[in-house]
Amino acid sequence: MSLLSSIQPDQMRRVTIAQGDSVASRDLDLIYTTVLGSCVAVCLHDSAARVGGINHFLLADPAPINGESGQLLNRYGIHAMELLINEMIKRGAARERLRARVYGGGSMRQGLGDIGTQNIAFARRFLANEGIPILGEDVGGTSARRVEFMPAYGRARCKSIQGMVAEQQPVPVSAPCGDVELF
Amino acid sequence: MAKKILTVDDSPSMRMLLKSALLEQGFEVFEAEDGVDALEKLDGAEPDLVITDINMPRMDGFGLITALRDGRVRSSLPILVLTTEASDEKKARARNAGATGWIVKPFDRDKLGAAIRRVLH
């Protein structure tokens, strides 16, 4: 039985996600949508569990890899990805079944360094480390993108869009950060 | 002699990040990917400290803490939990199981180092 044959697009519920979000769902009537400039969105899907998720992040421009900024990139990026993977696993996904699609990372403005490219590089490196295959990408370039992702089906659509996207600042993914409590 | 730390997390990237932070601070590091793997690794080794995630397959952090506290030789081994979980309920559960401390991801290198040094002395 094909689930796709029962989709009624005009009856789908659209949920817009923003920079900093990491969400997942098994809802059959759901489409996640987001707009990307330099930001990157990673869509994950487990087809056996019928769970999908998406995040949207913009990590700070790193200095040389060994410098502290390079570590900042890793730390917050890994956290953004881990939040997404956790949301998937809570809904029945298994790490070894996850498959990814990567979007965004455009160069939106001249002279600001290639933060989009570095975010794409982070996403690819993380997914490779985790052994998560990348099934598709639409990254780079100079256009903003709108991504639509059906989490239950793992179907994604990505279109270039014209016009300016209000570029947000790179921000750490979430607080609290590193709070320690000794019992 | 350098203190030895066993890190337990099912994400390879997270293990790499943690290892880099710990090596920089002069610790020796060995790794496990979940609670089952950690117990196997502990069989031949004598770490001074364990840093463990909570959500892991096969055996999670709570399971690992309980297994370590349930006797045998390791019952006094300091165990720090490093997790994205932030609920008071989970924190209390870890504390009751015998964890030594709770650190919220993403970790801060300096705070982590300070916590480790406090626990080891």
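Laboratory data are not the source of any read-out in this text; all were calculated from the coordinates shown. As the structure is a computational prediction, the values presented were derived from the model and not from experiment. Neighbour counts are summed over all protein chains in view; Cβ atoms, including those assigned to glycine, are modelled from backbone coordinates with ideal geometry.
Brief remarks follow.
- J(HN,Hα) series, segment A:114-131, from Karplus relation 6.51 cos²θ - 1.76 cosθ + 1.60, nearest Hz, glycine and proline x: 9, 5, x, 4, 5, 5, 4, 4, 4, 4, 5, 5, 4, 4, 5, 4, 7, x
- Violating pairs (Cα-Cα greater than 23 angstrom) within the set A:Lys90/B:Lys91; B:Lys3/B:Lys111; B:Lys4/B:Lys105; A:Lys90/B:Lys19: A:Lys90/B:Lys19
- Residue-averaged [θ]222 nm for chain B, counting only DSSP H segments that reach four residues, each worth -39500 (n - 2.57): -13500 deg cm²/dmol
- Global dimensions of segment A:11-161 from alpha-carbon coordinates: Rg and Dmax equal 14.6, 49 Å.
- Note that segment B:46-55 has calculated 3J(HN,Hα) couplings of 10, x, 8, 7, 10, 10, 10, 6, 9, 7 Hz, one per residue in order, obtained from phi through the Karplus relation 6.51 cos²θ - 1.76 cosθ + 1.60 (θ = phi - 60°); glycine and proline are x.
- The value obtained for the protein assembly as shown, namely the Cα convex hull volume divided by the number of residues, is 136 Å³ per residue.
- Around the amide H of A:Asp179, modelled in the peptide plane, lie the amide H atoms of B:Val104, all under 5 Å away and 5 or more residues distant in sequence or on another chain.
- Exposure proxy for A:Tyr76, A:Tyr153: other Cβ atoms within 10 Å of each Cβ, ordered fewest to most, give A:Tyr153, A:Tyr76.
- Under a 5 Å amide H cut-off, with hydrogens placed 1.01 Å from N, A:Val15 pairs with A:Ile31, A:Tyr32, A:Thr33 among residues at least 5 apart or on other chains.
- Per-residue 3J(HN,Hα) values for segment A:144-157, derived from phi via the Karplus relation 6.51 cos²θ - 1.76 cosθ + 1.60 with θ = phi - 60°, read 6, 9, 10, 10, 10, 9, 9, x, 5, 9, x, 8, 10, 9 Hz in sequence order (x marks Gly and Pro).
- Residues B:Ser20 and B:Asp88, FRET efficiency given R0 of 30 Å [Cβ-Cβ distance, rounded to 0.05]: 0.45
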